[in-house]
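What follows is a single structure, and I will ask about it in a moment.
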Amino acid sequence: MTDRWIIGMRIFPLLFASLFPVEGSAQSSPNRGPERTWITDVRILSPEKLDRIERGSVLIENGRIARVERRKGAKPPAGATVVSGDGQFLIPGLIDSHVHLASVPGTRPEMNFGPAGAKPTWIKEYFKQLPRSYLYFGYTTLVDLAAIDRRVLDEFRQAPLHPDLCDCGESLPFANGYPMSFAPPEVRFQLFPNFIYDPKQASSIPAQYRPEDHTPAAAVAAVKASGGICIKTYFERGFGADRNLPVMGPDVLADIRQAATQRGLVLMMHANSFDAQRFAVDGHVDVIAHGMWNWGDFDKQADLPGEIRRVLDQIAEEKIGYQATLQVIQGLRAYFDPEYLKMTAIPKVIPPEMLEWFESPDGKWFKKELAPDNTPDRVMREGLDKGPVRRGHQVVSYLAGKHANFLFGTDTPSAPTYGNLPGLNGYLEMQQLQASGLSLEQIFRAATINNAREFKLDSQLGTIELGKIANLVLLKKSPLESVDAYDTIVAVWVHGRQASRGSLAFN
Ligand SMILES: [Zn+2]
């Protein structure tokens, strides 16, 4: 429904990227904390030890966890800054493994990527606030799935305080397939330079692109060379007038799989339909990057069909990473929910002028794209709730019962919707996951250790254990007792550097 716009957002940065060459790629880490911090008298919630939640203390030294004392009354080491966690809960920093930092929620592509004059002044403020908005909701590590604009990622990493950021480099669409199909034929190969060549389509691929530079092995090597930790590819036959897009066959996916394994990269596939997720499972991808809200011929069926259940059983048994991304549809629904823009958290994560614009008729341009006939809000809500929302929830509920390997990922923003705001969208996703039947423990694991393991970051992140990076969140409530605990953050540490929650809000 919205993919045309996703493409618009991809096209603009790529068209303009050549005008603004990236200056240097060396990454310094401005995240640096004091030498020693002693967080004491706190309940330590770490995913490897949830059966025994003890009161204790954690020592941070030079950005790392230097001691974990699971007993009361341990003495603070000399010279340490002491932080009392009395009555509070300490958790590992949260990980959102599906974001798109270069895309600005709610905006038309040209507003963000067009000529300078077309840019509202608040876009600059939005990007300045972006790292802190994720931290405001406890997200200390992010994975960007398609580096459509390197400058944004570089600037994010240079911010005074920012979540750790990994990326999947340039994504791997199949020649002329989704999502490059939405770009005009003259430019689409320029826009998606890491596409996979298809000899059957040789006549519609410009001659300057040599097949040998666009094999699965070459495309995977390019991601590795750019510093990516994952491969993002797609299986999408299209919809509406764009049905029957070219898609890769199992042979191509097998080659990508082999190359990703050789290079030690995580293989992720965009797949939101039954058809696509079955293909992804058969091709042994590591991560399915969406929930399944398109059931194809089964769309109208009230119960989860046996055919779909069999694929979900495989996803659970084979421990394929599953990003439910329920906020994709909720983000569209936000335009038809008069309460959405009234949320008190919104002014914390975006500039006031941006919110004002969202509230204006022009700021609701995307609503007209979603409901061109001025369909009443109530009818739109019901249509979404009975269709994609219901199907997405049924699938997640089934997978929750099968203890699938859920990975917390929001796809922020998944469309140019104002319904997917940084940081806040993660909190809303958690509420959706709970409403779909995930236990609080499943949500907690999905956003910590499951993500850390899947993306091979678990030697550094994901638990509160000796030697790991001191990315931590202090909460007033236990996230194992209620999902709203994630909105009771007192302080966040990034590489040992402490920030109070208030200091992370826009105002
Ligand atoms: Zn995405």
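The values are calculated or read from the model by the stated rules, or taken from the named source; none is laboratory data. Keep in mind that this is a model prediction, so the values were computed, not measured. A quick note on method: Cβ atoms are made from the backbone with ideal geometry, for glycine too, and the neighbour counts reach across all protein chains shown. Just so you know, the surface numbers come from the protein's heavy atoms only, side chains and all, with ligands and any DNA or RNA stripped out. Shrake-Rupley method; radii C 1.70, N 1.55, O 1.52, S 1.80 Å.
Quick check of the Kirkwood formula: for the chain, what is the inverse mean of 1/r over all pairs of different Cα atoms, in Å? Write out the running numbers ahead of the final one.
Numbers: mean 1/r = 0.0429 Å⁻¹.
After inverting the mean inverse Cα-Cα distance, the result is 23.3 Å.
Shifting gears a bit: Can you tell me the FRET efficiency between residue 151 and residue 456 if r is taken as the Cβ-Cβ distance and R0 is 30 Å, rounded to the nearest 0.05? Each step should come with its number before you reach the end.
Values: r = 26 Å, r/R0 = 0.88.
Once rounded, the FRET efficiency stands at 0.70.
At what distance in angstrom do the alpha carbon centres of segment 53-128 and segment 241-302 lie from each other?
When both Cα centres are located, 32 Å separates them.
Sticking with this one: Calculate the length of the line joining the C-alpha centroid of segment 132-202 to that of segment 355-413, in whole Å.
Cα centroid of segment 132-202 versus Cα centroid of segment 355-413: 23 Å apart.
Identify unpaired cysteines across the chain, taking unpaired to mean no other cysteine Cβ lies under 4.7 Å from the residue's Cβ.
Flagged as lacking a Cys partner: 166.
Once you put a point 7 Å from the Cα of residue 319 and another 7 Å from the Cα of residue 242, both along the Cβ direction, what distance in nm separates them?
3.7
To continue, here is another question. Of the accessible area of the chain, with the probe set at 1.4 angstrom, what percent is carbon plus sulfur?
Roughly 51 percent of what the probe reaches on the chain is carbon or sulfur.
Sort the following peptides by mean Cβ neighbour count (other Cβ atoms within 10 Å, averaged over residues), highest first: 449-460, 68-79.
Working: 449-460: 20.4, 68-79: 12.6.
Output ranking for 449-460, 68-79: 449-460, 68-79.
Which entries of 49/476; 300/368; 342/386; 49/477; 72/476 show an alpha-carbon separation above 23 angstrom in the structure shown? It would help to have the intermediate numbers written out before the result.
Values: 49/476 20 Å; 300/368 26 Å; 342/386 25 Å; 49/477 18 Å; 72/476 19 Å.
Checking Cα-Cα distances, 300/368; 342/386 exceed 23 Å.
Another question about this same structure. For a Förster distance of 51 Å, can you work out the FRET efficiency between the beta-carbons of residue 344 and residue 207, rounded to the nearest 0.05? Intermediate values should be presented prior to the final figure.
Values: r = 57 Å, r/R0 = 1.11.
Efficiency computed from Cβ-Cβ geometry: 0.35.
Turning to a different aspect of this structure: What full-extension length gain, to one decimal in nm, is calculated for residue 262 and residue 225 as 0.36 nm per residue of separation minus the Cα-Cα distance? All intermediate terms of the calculation are to be shown ahead of the outcome.
Numbers: separation 37, 0.36 × 37 = 13.32 nm, distance 1.35 nm.
Extending this stretch completely gives an extra 12.0 nm.
Name the shape class, rounded, prolate or oblate, that the alpha-carbon gyration tensor gives for segment 457-507, where a ≥ b ≥ c are the square roots of its eigenvalues, rounded holds for a/c under 1.5, and otherwise prolate holds if a/b is larger than b/c and oblate otherwise.
Working: a/c = 2.69, a/b = 1.29, b/c = 2.09.
Oblate, since a/c reaches 1.5 and b/c is not below a/b.
So, one more: Extending each Cα 7 Å along its Cβ direction at residue 84 and residue 435, get the distance between those two points in nm, one decimal.
Result: 3.9 nm between the two label points.
Hey, what's the chain come to in accessible area per residue, 1.4 Å probe, Å²? Intermediate values should be presented prior to the final figure.
Numbers: 20010 Å² over 507 residues.
I get 39 Å² per residue for this part.
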